[in-house]
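Report on the structure given below.
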Amino acid sequence: MCGIAGIVANFEISGSLYWALHALQHRGQESGGISTYDNEIVHKYKGFGLVSEIFASGILQNLSGKTGLGHVRYPTTGGSKPENIQPFNFLFRNHSLSIVHNGNLINTNELRHEYEGRGHIFSTTSDTEVIAAILANEIIHGHTIDEAISFCMRNIRGSYAVIFMLDGVLYAFRDPLGIKPLCFGEFENGGHIVASESVALDAVGAKLLRDVVPGESICLKAGNVSPHRIMTVKSPAHCVFEYIYFARADSVIDGISVYDVRQKTGVLLAGESPAKADIVSPVPDSGTAAATGYASTSGIPFREALIKNRYIGRTFIMSTQTKREMAVRMKLNPVRGHITGKSVVLVDDSIVRGTTSRHIIALVREFGANEVHLRVASPPIIAPCYLGTDFPTREELISNRKSVVEVRKAIEATSLGHISLEGLIKAIGVPYSHLCTGCLTGKYPLAIDGEEEDFHGIEMIDPYKSSGL
Ligand code: SF4
């Protein structure tokens, strides 16, 4: 998770960055920050909380400049500490470097060890600082910025969408498997924005140009976008969970509408796992599009059984089980009149530990439902994620320990059905070989110690060849 955005324009950009990050808030709610450059110095502000809480009145006015970047954080590598809040800002040899990252490196420890051996001192436990150290080290040793990015991409492994600002110039690059999303667009009156999801572009009135191609870097400068293809792969490995849960339904990722994918999963799920019921209801919000698909195909009326309090965060990204359980009760309230005496199909995006599903089903029963059939718009999650999603260990994943029948019993559903992997891939509309399905299959798109690799064959290509817009 994590959301990132960078803007270069011919107007003061802190307000636009604020709204871009606000649109990406679903990707991380622990902390956030903005750094801007005013042709002389870098202005910066960051803190814990939601974007609207961090940037209280007056703060944005102090973040002057026409170039800048920002981050909303969901803690993975490094834990929840003030020093790990991004952007990270550095000064070295008359250069200023600010950097934000979405993803997770799997060779952070080796790289830290190597750079510490060269005398580099790290002030955070974040993998993002390792990326910054590599870039700075290359620049200090006289390499061009393109060479520094190329060297960095050849040496870091894992998932990464990175935006950095070096001496007021904005750069971005995306890992060669394209695991994490990154796209860019332009403002009508000049300037560009690069961000995790297209909703950030929509929020500031920018037009989506395209996604950053996996293995590509771009430089955004004074009205121009200069792309360089650094690495290439046989096929990408886009994270399927962006489509299932992470991304906002109104985003378009790698040319695919997230809403349409979710709706199609519901359509296919209704065929694969039918139920006899009085109403179909989503578990809001990420189950909503799939529930509309399920209802339209099954012919069962769509009626909301649960109403979401919009001021409670996403339960999956809360840090403890107790907080998550309390949040379910605070977040979802049943509509008694829709469910009393009824048989209900509930459509949810996924089952992780099973505890949230059990609480929701108990809540719907408590308000009078006779039967609760749970339909899940993802296959069972059976393995951890090493690439940026804080899924729990194999032992904590309920579907790793139990069969679908056993999970149904544990969560006390009348019936339980998941979409098949084939159905999910059909709904996304790209071949299986273009997706990361590690947490669903236990096969990962790159070599991870102790895990099975689904080979994607990363190769270097001419590092400075322009790919053209
Ligand atoms: S393992 Fe799962 S959550 Fe992690 S990147 Fe792959 S598909 Fe996404």
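The numbers here are math on the coordinates, done by the rules we state, and not lab data. Please read these numbers as outputs of a predicted model, since none were measured by experiment. Here the Cβ is made from the backbone with ideal geometry for all residues, glycine too, and neighbour counts use every protein chain on show.
Given the Cα-Cα distance of Ile41 and Trp19 and 0.36 nm per residue of separation, how much length would full extension add, in nm? List each step's numbers first, then the result.
On the way: separation 22, 0.36 × 22 = 7.92 nm, distance 2.28 nm.
Separation in residues times 0.36 nm, less the Cα-Cα distance, equals 5.6 nm.
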Roughly speaking, what is the stretch gain from His113 to Phe11, that is 0.36 nm per residue apart minus the C-alpha to C-alpha distance, in nm to one decimal? 32.5 nm
How much length is gained on full extension from Arg154 to Arg210, taking 0.36 nm per residue of separation minus their Cα-Cα distance? 17.8 nm
According to a simple spin-label model (label point 7 Å from Cα along Cα-to-Cβ), what is the distance in nm between Phe48 and Asp250? 3.1 nm
Based on alpha-carbon centroids, what's the gap between region 204-220 and region 236-282 in Å, whole number please? 25 Å
Filter the cross-link list Lys276/Lys342; Lys308/Lys402; Lys264/Lys426; Lys180/Lys331 down to pairs whose alpha-carbon distance in this structure exceeds 18 Å. Lys308/Lys402; Lys180/Lys331
Pair Ser123, Lys276: separation of 7 Å Cα→Cβ label points (nm): 6.7 nm
Using +1 at the Cβ of each Lys and Arg and -1 at the Cβ of each Asp and Glu in region 229-270, identify which of Tyr259, Thr232, Ala270 lies farthest towards the dipole's positive end. Thr232
Residues whose modelled amide H sits under 5 Å from the amide H of Asp38, counting only those 5 or more places away in sequence or on another chain, are His43
Using θ = phi - 60° and the Karplus form 6.51 cos²θ - 1.76 cosθ + 1.60, what ³J(HN,Hα) does each residue of region 247-261 get, whole Hz, x for Gly and Pro? 6, 6, 4, 8, 8, 10, 10, 6, x, 10, 6, 5, 4, 4, 4
Using R₀ = 60 Å, calculate the FRET efficiency as 1/(1 + (r/R₀)^6) where r is the Cβ-Cβ separation of Lys409 and Asn62; round to 0.05. 0.60
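Sort out the exposed loop chymotrypsin sites (Phe, Trp or Tyr not before Pro) in the chain (DSSP loop, at most 14 other Cβ within 10 Å) and tell me the longest stretch that has none. Mind dumping the intermediate values first?
Details: sites that count: Phe11, Phe122, Tyr311, Phe455, Tyr464.
My reading of the result: 123-310 is the longest stretch.
Take the alpha carbon gyration tensor of region 247-312, find the square roots of its eigenvalues, order them as a ≥ b ≥ c, and report rounded if a/c is under 1.5; if not, report prolate when a/b exceeds b/c, else oblate.
Details: a/c = 3.01, a/b = 1.20, b/c = 2.50.
Verdict is oblate for region 247-312.
Which FRET efficiency value, to the nearest 0.05, do you get for Tyr432 and Leu91 by plugging their Cβ-Cβ distance into 1/(1 + (r/R0)^6) with R0 = 56 Å? Each step should come with its number before you reach the end.
Numbers: r = 46 Å, r/R0 = 0.82.
Rounded to the nearest 0.05, the efficiency is 0.75.
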Long-range HN-HN contacts of Gly158 with modeled amide H, under 5 Å: Ile106
So what are the ³J(HN,Hα) numbers for region 339-354, from phi and the Karplus equation (6.51, -1.76, 1.60; θ = phi - 60°), rounded to whole Hz, Gly and Pro as x? 10, 4, x, 9, 9, 10, 9, 9, 10, 10, 7, 6, 10, 9, 8, x
Amide H to amide H, which residues 5 or more places from Phe88 or on other chains are under 5 Å from it, using H placed in the peptide plane? Ile99
Once the Cα atoms of helix 127-140 and of the chain are each reduced to a long axis, what angle between those two axes, in degrees from 0 to 90 to the nearest 10, is obtained? 20 degrees
What GluC sites (Glu not before Pro) in region 162-251 are in a loop by DSSP, with at most 15 other Cβ atoms within 10 Å of the Cβ? Glu188
Give me a comma-separated list of calculated 3J(HN,Hα) values for region 84-96, in order, Karplus coefficients 6.51, -1.76, 1.60 applied at θ = phi - 60°, integers in Hz, x for any Gly or Pro. 8, 6, 9, x, 8, 10, 9, 10, 8, 6, 6, 10, 10
Pairwise centroid distance, computed over Cα atoms, of region 15-37 with region 341-392, Å: 30 Å
Give me the one-decimal nm value for the distance between modelled label points at Arg394 and Ile448, 7 Å along each residue's Cα-to-Cβ direction. 1.2 nm
Enter the angle in degrees (range 0 to 90, nearest 10) between the Cα long axis of helix 14-23 and the first principal axis of the Cα atoms of the chain, meaning the one along which they spread out most. 30 degrees
Acute angle (nearest 10 degrees) that the helix 108-117 long axis makes with the longest principal axis of the chain, alpha-carbon atoms: 20 degrees
At q = 0.10, 0.13 1/Å the base-10 log of I(q)/I(0) from the Debye formula over the alpha-carbon atoms of region 7-148 is -0.35, -0.59
